[in-house]
Amino acid sequence: DWSSDVCSSDLTVLASDATVADIFGGAVAIDQATLVVGAQGLDDDRTNTGGAYVFTDASGDWSQVQKLTVANATPGDAFGRAIAVDGVRLAMASDRADVDGVADAGRVARPVCALALDEDAQRAARQGDEGGIAAGTGCL
């Protein structure tokens, strides 16, 4: 609970598939009822490619709705070191990503899906995006 005199919270969110050295929580961003948590050490099918987890708040009960990874990330990219969210738009950054043969040049990946459960909002947010982030469950 938040009060005017004392700031305290009992909010705890965890990745559904947490493993050692994911570095879950190294970066966080929140907008309204959407919380995005970076996990730069995430190892899906490649070492330390990184990613992020999306949580939504349904009347005070936060739950994971998506896991996001970068489809063409390479080992050591560590996406999720920086996260920004604005409504249904998300940017996930890596300062270690190699770009066009330049080591650790860094890059920002844009989503191919919206951070919304509403189908119309997802479709609207996708228009014009060419992608970069691959999503787990929750994306159309």
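So the values come out like this:
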quantity: Residue in segment 50-75 that is least open to solvent (accessible area, probe 1.4 Å), counting only those that are in a loop (DSSP other than H, G, I, E, B) and at pLDDT below 90; calculated: Ala73
quantity: Check on Ile83, under 14 Å from the mean Cα position of the chain (by Cα), open to solvent by 30 Å² or more (accessible area, probe 1.4 Å) and in contact (Cβ under 8 Å) with a residue 24 or more places away in the chain; calculated: no
quantity: Flag if Leu115 is at pLDDT below 75, in a loop (DSSP other than H, G, I, E, B) and open to solvent by less than 30 Å² (accessible area, probe 1.4 Å); calculated: yes
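The values are calculated or read from the model by the stated rules, or taken from the named source; none is laboratory data. The structure presented is a predicted model; accordingly, all values stated were derived computationally and were not measured. Every residue, glycine among them, receives a Cβ derived from its backbone with ideal geometry; neighbour counts consider all protein chains shown. Areas reflect the complete protein model, heavy atoms only, side chains present, ligands, DNA and RNA absent. Shrake-Rupley method; radii C 1.70, N 1.55, O 1.52, S 1.80 Å.
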